[in-house]
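**Q** The structure follows.
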Amino acid sequence: MKKIIVTGGLGFIGSNLIDLLLQKKYFVINIDKVTYSSNFYNTKEFAKNKNYKFIKCDINNKKINNIFNKYKPVCIFNLAAETHVDRSIDDAKSFIYSNILGVYNILECFKKYSLKNKKSKLVHISTDEVYGDILTGRSDEKYAYKPSSPYAASKASSDHLVYSYVRTHNIPAMVTNCSNNYGPKQHPEKLIPKLIYNIFNNKALPIYGKGKNSREWIYVKDHCEALLKVFQNGKIGEFYNIGSNKNLNNIQICKTLLKISNKINVAKNNVKIKFVKDRPGHDFRYALNSNKIKKELKWKPKTTFEKGILNTFNWYLDNKKYYTSLSKKDITKRLGNK
């Protein structure tokens with residue numbers, strides 16, 4: 001049975017990816033250092049699967065080299081990262097540590113490992129935020145990087161590091177840049193699960209500025225299918241944008257969630273939108289051109305936003321214990337308000 005390593009597998013996208021890989025009959029090793037955004041609730045459905053193993057380890061640790069050599073994975077999906085923009089505004093140090101130095105350690109370990117295991121691949125998962133504000137049109141893979149936040153800058157740095165190791169050391173690696181994900185198991189520091197939490201708890205729905213900031217939204221399971229395609233058929237050294245071509249602003253997201261909650265009578269005293277002070281350096285719009293992965297790897301998103309957001313709402317409704325598995329201050333505390 002072929003083995004795959006997923007770093008950051010206790011997180012949102014990582015745990016959904018592991019679920020897909022197990023369905024595809026891979027043996028999956030989950031490496032996670034267990035931070036506030038890690039959650040064993042995310043892996044409870046497959047924690048006892050004989051084809052799944054969890055290892056607590058920081059990607060900065062030299063043990064990564066031993067793990068590679070012991071399990072001999074055909075692929076490493078690197079999703080371990082600090083991800084929340086607001087936290088990077090408050091303190092960027094952990095972002096530099098995980099997103100740059102951690103990736104450097106993975107690259108050094110993989111450089112040695114891939115010399116003996118030439119068929120293995122590294123897929124480094126990044127973000128559309130590296131391109132910065134896209135006020136018109138859509139950014140393709142040749143678009144210049146112009147990150148606005150310390151988070152986006154740390155991810156841009158990691159992307160450049162990966163590409164430099166491909167060019168300099170000939171490592172078999174690829175980079176993916178994805179748009180905003182939503183779906184089951186996402187930490188409520190992010191917009192959609194935070195709004196759902198507030199709806200469940202009869203709290204106002206906080207929206208930055210005027211709520212017009214536009215994001216491209218993709219259902220997490222579609223993103224995971226794309227990552228599998230990149231591993232299976234992607235070209236070494238290439239970057240692949242992964243998006244839905246579906247942009248919505250924060251007001252539209254709020255209204256959609258309120259409409260769902262009203263339909264099933266979840267919202268209590270007519271929960272209202274509350275506009276709050278915008279965060280510094282807030283990009284107005286992200287939008288990806290994903291034609292490359294669609295044409296070259298024959299991938300396209302399967303889930304409409306209407307279906308995906310309903311699935312997401314229902315998952316949190318059926319898994320209210322998810323919220324209780326987290327620190328309350330991590331759900332409710334306002335960050336990035338300098």
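**Q** How many residues, within segment 20-35, are within 18 Å of PRO184 (Cα to Cα) and buried (at least 22 other Cβ atoms within 10 Å of the Cβ)?
**A** 1
**Q** Say we look at segment 35-57 and pick out the residues that are in contact with an Asp or Glu (Cβ under 9 Å, 6 or more places away or on another chain) and part of a loop (DSSP other than H, G, I, E, B); which of these is farthest from THR7 (Cα to Cα)?
**A** Among them, the one singled out is GLU45.
**Q** Do you know which residues across segment 249-264 are surrounded by fewer than 18 Cβ atoms within 10 Å (Cβ to Cβ) and farther than 12 Å from LEU317 by Cα?
**A** If the condition is that a residue be surrounded by fewer than 18 Cβ atoms within 10 Å (Cβ to Cβ) and farther than 12 Å from LEU317 by Cα, then ASN249, ILE251, GLN252, LYS255, LYS259, ASN262, LYS263 are the ones that fit.
**Q** Now for a separate question. Output the helices (runs of 4 or more DSSP H) that fall wholly within segment 77-147 and possess 2 or more residues being farther than 26 Å from LYS333 by Cα, or say none. Give the derivation first.
**A** On the way: elements: 85-90, 93-96, 102-116.
Ranges flagged: 102-116.
**Q** Take ASN69 and decide whether it is part of a loop (DSSP other than H, G, I, E, B), of a type outside the set (Lys, Arg) and over 16 Å from the mean Cα position of the chain (by Cα).
**A** No, not satisfied.
**Q** How many residues does segment 248-278 hold that are of a type in the set (Lys, Arg) and under 18 Å from ILE134 (Cβ atoms)?
**A** Within segment 248-278, the first condition is being of a type in the set (Lys, Arg), and the residues that meet it are 255, 259, 263, 268, 272, 274, 277.
Okay, now just the ones that are also under 18 Å from ILE134 (Cβ atoms), so none.
Going through segment 248-278 one residue at a time, the tally reaches 0.
**Q** Would you say SER15 is out of contact with any strand residue (DSSP E or B) (no Cβ under 9 Å at 6 or more places or on another chain), crowded, with 19+ Cβ neighbours inside 10 Å, of a type in the set (Gly, Ala, Ser) and closer than 21 Å to HIS187 by Cβ?
**A** When the stated conditions are applied, SER15 does not pass them.
**Q** Restricted to segment 177-204, and to residues that are basic (Lys, Arg) and over 14 Å from THR324 (Cα atoms), which residue is modelled with the highest pLDDT? I'd like the intermediate steps shown before the answer.
**A** Filtering segment 177-204 down to residues basic (Lys, Arg) leaves 185, 190, 194, 203.
With over 14 Å from THR324 (Cα atoms) added as a condition, the list becomes 190, 203.
Numbers: LYS190: 95, LYS203: 92.
Across segment 177-204, the extreme among qualifying residues is LYS190.
**Q** Then there is this: If you go through segment 308-323, how many residues are surrounded by fewer than 20 Cβ atoms within 10 Å (Cβ to Cβ) and either within 20 Å of the chain's Cα centre (by Cα) or among the small types (Gly, Ala, Ser) (or both)?
**A** Adding up the residues that qualify gives 4.
**Q** Let me confirm something: among LEU79, LEU101, LEU122, LEU115, which residue is touching a Phe, Trp or Tyr at 6+ places or on another chain (Cβ under 8 Å), at pLDDT 95 or above and of a type outside the set (Lys, Arg)?
**A** LEU122
**Q** Within segment 206-216, how many residues are closer than 23 Å to ASN39 by Cβ and touching a helix residue (DSSP H, G or I) at 6+ places or on another chain (Cβ under 6 Å)?
**A** Qualifying residue count for the region: 0.
**Q** What are the residue pairs meeting all of these: first residue in segment 279-307, first residue at negative phi, second residue assigned to a loop (DSSP other than H, G, I, E, B) and of a type in the set (Phe, Trp, Tyr), Cβ atoms under 6 Å, and 6 or more apart or on different chains?
**A** ILE293/TRP299
**Q** OK, next. For LYS142, are the conditions met, namely being modelled with pLDDT of 95 or more, over 16 Å from the mean Cα position of the chain (by Cα) and among the basic types (Lys, Arg)?
**A** Criteria met by LYS142.
**Q** Working only within segment 274-295, note down all residues that are surrounded by 15 or more Cβ atoms within 10 Å (Cβ to Cβ), more than 22 Å from HIS187 (Cβ to Cβ) and of a type outside the set (Phe, Trp, Tyr).
**A** ARG285, ALA287, LEU288, ASN289, SER290, LYS292, ILE293, LYS294
**Q** Let me confirm something: among THR43, THR35, which residue is at negative phi and touching a helix residue (DSSP H, G or I) at 6+ places or on another chain (Cβ under 6 Å)?
**A** Only one candidate qualifies: THR43.
**Q** Moving to a separate point now. For segment 224-242, does any single residue satisfy the condition of being surrounded by fewer than 18 Cβ atoms within 10 Å (Cβ to Cβ), out of contact with any Lys or Arg (no Cβ under 8 Å at 6 or more places or on another chain) and more than 26 Å from LYS300 (Cβ to Cβ)?
**A** No; the residues of segment 224-242 include none that is surrounded by fewer than 18 Cβ atoms within 10 Å (Cβ to Cβ), out of contact with any Lys or Arg (no Cβ under 8 Å at 6 or more places or on another chain) and more than 26 Å from LYS300 (Cβ to Cβ).
**Q** Now, a different point. If I filter segment 159-191 down to residues being free of Cβ contacts under 8 Å to residues at least 40 places away in the same chain and in a helix (DSSP H, G or I), which single residue comes out as nearest to ASP318 (Cα to Cα)?
**A** Selected residue: HIS160.
**Q** In this structure, does ALA156 turn out to be in a helix (DSSP H, G or I) and over 28 Å from LYS2 (Cβ atoms)?
**A** It is true that ALA156 is in a helix (DSSP H, G or I) and over 28 Å from LYS2 (Cβ atoms).
The values are calculated or read from the model by the stated rules, or taken from the named source; none is laboratory data. For clarity, every value in this text was computed on a predicted model and none was experimentally measured. With ideal geometry, Cβ positions are generated from the backbone for all residues, glycine too; neighbour counts draw on all protein chains shown.
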